[in-house]
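For reference, the structure discussed in these notes is given below.
The values are calculated or read from the model by the stated rules, or taken from the named source; none is laboratory data. Here the structure is a predicted model, which means the values were calculated and not measured. For neighbour counting, all protein chains shown are included, and Cβ atoms are generated from backbone atoms with ideal geometry for every residue, glycine included.
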Amino acid sequence: METWTKIFVYFLLTLSWFHQGFCSPEPDAREGTCTHSSQIIFLEPPADFSPQFEVSGGYCEYQGKVLFLLRNANKPQGSSWCIPGGRLELGETPLQALVREMKEETGIVLKEESAIYCRSVCVRFPSREFVLHLFRFPFKEAPPSLHLALEENIDYRWVRHEEVAQLPLIPGGKECFCIAFKDKLYPNDLLH
């Protein structure tokens, strides 16, 4: 992606966060702090953070596009777009949970060795707190056709990086996307 395209995507995402009441990712979110009261995603545990569970989420990438799923309207954060993932089961590592969830939700069988760990973030909603482990899975060949578990997600879309800002993502989705793709979205001089 060209430098000016990266700057434009960064601008669109930042503008979208302000419009939706999210905190800007620069510079405070990089340091794990923010003064905006509706912040959901934290890079460091906020005061009194008490996670009830852990979740893994994965960005599948192919030819400059990322896979997003449309949540079933009957699910939490229904009718919004998200990445495949879910809660860790007892004894699972974050990566094992993601491989299992990806197969259950999309039918895609991922190889653990192709995973790129991005980072873990703290997620704080009024009713629950959890740790979210973020991964990327680049596909070198065309990914297999998807078989959605319709009780979870009703549609899917491969989205270009610059189109993500227009999707109605689950709360915190845009921040997580920028965290996972900061090496692809921001020119190096914007990070310093």
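Among the conditions (1) modelled with pLDDT under 95; (2) in contact with a strand residue (DSSP E or B) (Cβ under 9 Å, 6 or more places away or on another chain); (3) not charged (D, E, K, R), the only one that C118 does not satisfy is (1).
When region 35-52 is filtered for residues that are surrounded by 13 or more Cβ atoms within 10 Å (Cβ to Cβ) and either under 19 Å from the mean Cα position of the chain (by Cα) or modelled with pLDDT of 95 or more (or both), the ones remaining, listed by number, are Q39, I40, I41, F42, L43, P45, F49, P51.
Is there a residue being of a type in the set (S, T, Y), surrounded by fewer than 18 Cβ atoms within 10 Å (Cβ to Cβ) and at pLDDT below 95 anywhere in region 75-95? Looking through region 75-95, at least one residue is of a type in the set (S, T, Y), surrounded by fewer than 18 Cβ atoms within 10 Å (Cβ to Cβ) and at pLDDT below 95. Among the residues of region 103-115, those that are out of contact with any strand residue (DSSP E or B) (no Cβ under 6 Å at 6 or more places or on another chain) and hydrophobic (A, V, I, L, M, F, W, C) comprise I108, V109.
One line per residue, one yes/no per condition, for (1) under 24 Å from K182 (Cβ atoms); (2) assigned to a strand (DSSP E or B); (3) basic (K, R); (4) in contact with a Pro (Cβ under 9 Å, 6 or more places away or on another chain):
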{"position": "L95", "(1), (2), (3), (4)": "yes, no, no, no"}
{"position": "L98", "(1), (2), (3), (4)": "yes, no, no, yes"}
{"position": "M102", "(1), (2), (3), (4)": "yes, no, no, yes"}
{"position": "V121", "(1), (2), (3), (4)": "yes, yes, no, no"}
{"position": "S127", "(1), (2), (3), (4)": "no, no, no, no"}
{"position": "F135", "(1), (2), (3), (4)": "yes, yes, no, yes"}
{"position": "A142", "(1), (2), (3), (4)": "no, no, no, no"}
